[in-house]
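Following: one structure in structure tokens, then a few remarks.
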Amino acid sequence: MESISSHAHAPIGVFDSGVGGLSVLRAIHATLPAESLIYCADSYHAPYGERDNAFIIERTLAISAWLVQQGVKALVVACNTATAQANHLLREKFNIPIIGIEPGIKPAALYSNSRVAGVLATASTLRSEKFHRLITAYAADCRFICQAGSGLVEAIERGETDSDAVSALLKAYLTPMLDAGADTLVLGSTHFPFLEIAIRRIAGDQLRLIETGEAVARQLTRRLAAQQLCAPPDAKVTLRLYSTANDGIRLQTLASQFLKTDQIAEHISIPSSSAGALS
């Protein structure tokens, strides 16, 4: 098992298959403003949702190992797909706080008055054992209508969050949920909070949107405090952005919009190693 920096001034690493994890990064920064952050978007290989499990595991382990090499003190896997397929392997490999993310099935079941809730997630997340365990645990008296959001992650990676094509996809995905009386929608990908305006245009106020960025930030806070890893209030705060895409402009643009930062996104090449990914 590999160790990382235990210094309170060390940064927190955040990883997603693409730009979607910025919604989680925003929540972490709001909750823990004294913490330095390193964000890595694997946009060259996005989206993960249509990939096979072996590929997802390889990429998750490779990028996590790279973040560990940067000296991070904790790792946030801000990707539902990567969490579902590889988080247990990360916890075996790295001796650090590992915070994953999962669709908000539990809060949806808690908040839904109609007892019908929609779930919009990637195909990989919906087929994962972890997702099925969540549904089994919380769907006793609540009907969940699950929909793979095919095409949406790709659109967001291109910078489209409110185009006609995105609106058409969302209408096709959400209409059956609305017709069934759903009053709650689980955003089962960290990319999907960027679609809130488009979703509201279709659903109005009928759907309460459930995302999990704030819950992740709270769990991260608890884990850092338990291991005395919280940065002091007067710590020098830094933000580093990396993308495996040849052009990190999408990451940089969205970071500017959602994090109010002019930080440049640097290109980084992180190769996978099939031979060593599971070692």
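The values are calculated or read from the model by the stated rules, or taken from the named source; none is laboratory data. Everything numeric here is computed off the predicted structure, so don't read it as measured data. Cβ coordinates were reconstructed from backbone atoms using ideal geometry, including for glycine residues, and neighbour counts include every protein chain displayed.
So which residues in region 213-233 are buried (at least 20 other Cβ atoms within 10 Å of the Cβ) and in a loop (DSSP other than H, G, I, E, B)?
Leu229, Ala231
Within region 174-189, does at least one residue satisfy the condition of being assigned to a loop (DSSP other than H, G, I, E, B), farther than 26 Å from Gly100 by Cα and touching an Asp or Glu at 6+ places or on another chain (Cβ under 9 Å)? Looking for residues that are assigned to a loop (DSSP other than H, G, I, E, B), farther than 26 Å from Gly100 by Cα and touching an Asp or Glu at 6+ places or on another chain (Cβ under 9 Å), one finds none in region 174-189, hence no. For Lys236, the conditions (1) outside any loop (DSSP other than H, G, I, E, B); (2) surrounded by fewer than 17 Cβ atoms within 10 Å (Cβ to Cβ); (3) modelled with pLDDT of 90 or more all hold with the exception of (1). For region 52-61, the criterion of being surrounded by 23 or more Cβ atoms within 10 Å (Cβ to Cβ), modelled with pLDDT of 95 or more and either in contact with a strand residue (DSSP E or B) (Cβ under 9 Å, 6 or more places away or on another chain) or closer than 21 Å to Ala123 by Cβ (or both) is met by at least one residue. The residue that is surrounded by the fewest Cβ atoms within 10 Å (Cβ to Cβ), counting only those in region 1-27 that are in contact with a Gly (Cβ under 8 Å, 6 or more places away or on another chain), among the β-branched types (Val, Ile, Thr) and modelled with pLDDT of 90 or more, is Val14.
So that you can scan it fast, the table gives a plain yes or no per residue for (1) touching a Cys at 6+ places or on another chain (Cβ under 8 Å); (2) among the aromatic types (Phe, Trp, Tyr); (3) in the same structural domain as Glu157 (by TED's automatic domain parsing); (4) surrounded by fewer than 22 Cβ atoms within 10 Å (Cβ to Cβ):
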position	(1), (2), (3), (4)
Ala46	no, no, no, no
Ile63	yes, no, no, no
Leu67	yes, no, no, no
Gln70	no, no, no, yes
Val76	no, no, no, no
Cys79	no, no, no, no
Ala86	no, no, no, no
Leu89	no, no, no, yes
Leu110	no, no, yes, yes
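Just to be sure, is Thr184 under 25 Å from Ser112 (Cβ atoms) and touching a Lys or Arg at 6+ places or on another chain (Cβ under 6 Å)?
yes
Contact map, region 249-267: first residue surrounded by fewer than 16 Cβ atoms within 10 Å (Cβ to Cβ), second residue charged (D, E, K, R), Cβ cut-off under 7 Å, separation 6 or more or different chains; pairs are Ser256/Asp262. Being hydrophobic (A, V, I, L, M, F, W, C), touching a Phe, Trp or Tyr at 6+ places or on another chain (Cβ under 7 Å) and over 23 Å from Leu174 (Cβ atoms) is the requirement here; does Ala245 meet it? Answer is yes for this residue. Among the residues of region 65-72, is there at least one that is of a type outside the set (Gly, Ala, Ser), more than 12 Å from the chain's Cα centre (by Cα) and outside any helix (DSSP H, G or I)? Within region 65-72 (the criterion being of a type outside the set (Gly, Ala, Ser), more than 12 Å from the chain's Cα centre (by Cα) and outside any helix (DSSP H, G or I)), the answer is yes, since at least one residue qualifies. State whether one or more residues within region 201-211 are part of a helix (DSSP H, G or I), out of contact with any Leu (no Cβ under 8 Å at 6 or more places or on another chain) and β-branched (Val, Ile, Thr). No, the conditions are met nowhere in region 201-211. Number of residues in region 95-153 that are more than 16 Å from Ala182 (Cβ to Cβ), under 21 Å from the mean Cα position of the chain (by Cα) and among the polar types (S, T, N, Q): the value is 5.
Residue under question is Arg59, and the condition is that it be on the phi < 0 side of the Ramachandran plot and out of contact with any helix residue (DSSP H, G or I) (no Cβ under 8 Å at 6 or more places or on another chain); does it hold?
no
If the condition is being hydrophobic (A, V, I, L, M, F, W, C) and not in a strand (DSSP E or B), then region 11-37 contributes Val19, Leu22, Val24, Leu25, Ala27, Ile28, Ala30, Leu32, Ala34.
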